[in-house]
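No value in this document is a laboratory result; all are computed from the given coordinates. Fair warning: this is a prediction, and the values are worked out from it, not measured in the lab. Cβ: placed from backbone, ideal geometry, glycine included. Neighbour counts: every protein chain shown.
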Amino acid sequence: MGGNNAALVQRAEASARELLVDMDARLCHVEAVGRRAEVVASLLPVEDQVPLVAAAYLHDVGYAPALRETGLHPLDGARWLRAQGVDRRVCNLVAHHSGARFEAEERGLLAELDEFELEPGAVMDGLTFADMTTGPDGRYVSFEERLLDILKRYPPVGQSTEQPCARVPC
């Protein structure tokens with residue numbers, strides 16, 4: 001990823017750092033997901049590398065308090081990115097990362113999430129892999145360990161209003 005593409009990824013990483021500056025654990029997770037996506041991207045066609053890595057660095061910006069509208073962080077993040085003029089593919093990847101449709105359906109936000117096109121395939125799979133094998137502290141974990149951690153940290157919808165619910169977040 002040379003030249004202008006490297007600049008796009010650097011801007012994505014800088015935006016995540018700026019938005020998540022007061023959320024150390026979330027930022028640690030996001031940076032590790034970005035680094036993991038950089039490795040995965042090397043296996044993809046050149047045209048897919050930048051969208052994957054940029055989305056990896058931006059996938060959790062919807063957790064930033066300033067961006068919170070619906071409480072569904074993939075949707076809130078994707079809407080903000082779209083308003084900033086970020087590449088459509090990156091917005092779509094952020095909106096649908098790591099099974100966001102399941103949480104959107106539980107929360108009654110599926111129609112809103114459908115503002116963004118679902119991109120099935122290797123790029124989404126790469127983003128899901130990077131996210132779902134990276135723990136909240138940035139440590140690389142198994143998929144099973146990550147799911148257990150998520151289920152432990154987030155109660156089912158309707159049991160708490162203090163934290164965003166996520167059956168499969170990030």
task = Measure nothing but the geometry: give the 0 to 90° angle between the long axis through the Cα atoms of 46-58 and the longest principal axis through the Cα atoms of the chain, rounded to 10°.
result = 40 degrees
remark   = Tilt, helix 4-19 to longest principal axis of the chain (alpha-carbon atoms), in degrees rounded to tens, equals 30 degrees
query = So what J values fall out for the stretch 124-139 if you push phi through Karplus, 6.51 cos²θ - 1.76 cosθ + 1.60 with θ = phi - 60°, rounded to Hz, Gly and Pro as x?
reply = 5, 4, x, 5, 4, 4, 4, 6, 7, 10, 10, x, x, 9, x, 6
query = What is the gain in length, in nm to one decimal, between Asp22 and Asn5 on full extension, counting 0.36 nm per residue of separation less the C-alpha to C-alpha distance?
reply = 3.4 nm
task = Please identify which residues in the stretch 38-69 have an amide N closer than 14 Å to a label point set 7 Å out from the Cα of Asp87, following the Cα→Cβ vector.
result = 38, 41-42, 44-59
query = So what's the chain giving for Rg/Rh, alpha carbon basis, Kirkwood Rh from the mean inverse pair distance?
reply = 0.93
query = For the chain, what does -39500 (n - 2.57) per DSSP helix run (n ≥ 4), summed and divided by total residues, give at 222 nm, in deg cm²/dmol to the nearest 500?
reply = -18000 deg cm²/dmol
query = Of Asp22, Asp60, how do they rank once you tally other Cβ atoms within 10 Å and put the fewest first?
reply = Asp22, Asp60
message = Under the rule that an exposed site lies in a DSSP loop and has at most 16 other Cβ atoms within 10 Å, name the longest stretch of the chain with no GluC sites (Glu not before Pro) of that kind, not counting the sites themselves.
response = 1-68
key: Percentage relative contact order, the chain, counting C-alpha pairs under 8 Å, at least six apart   = 23 percent
Between helix 24-41 and the chain: long-axis angle, C-alpha atoms, 0 to 90°, nearest 10 = 50 degrees
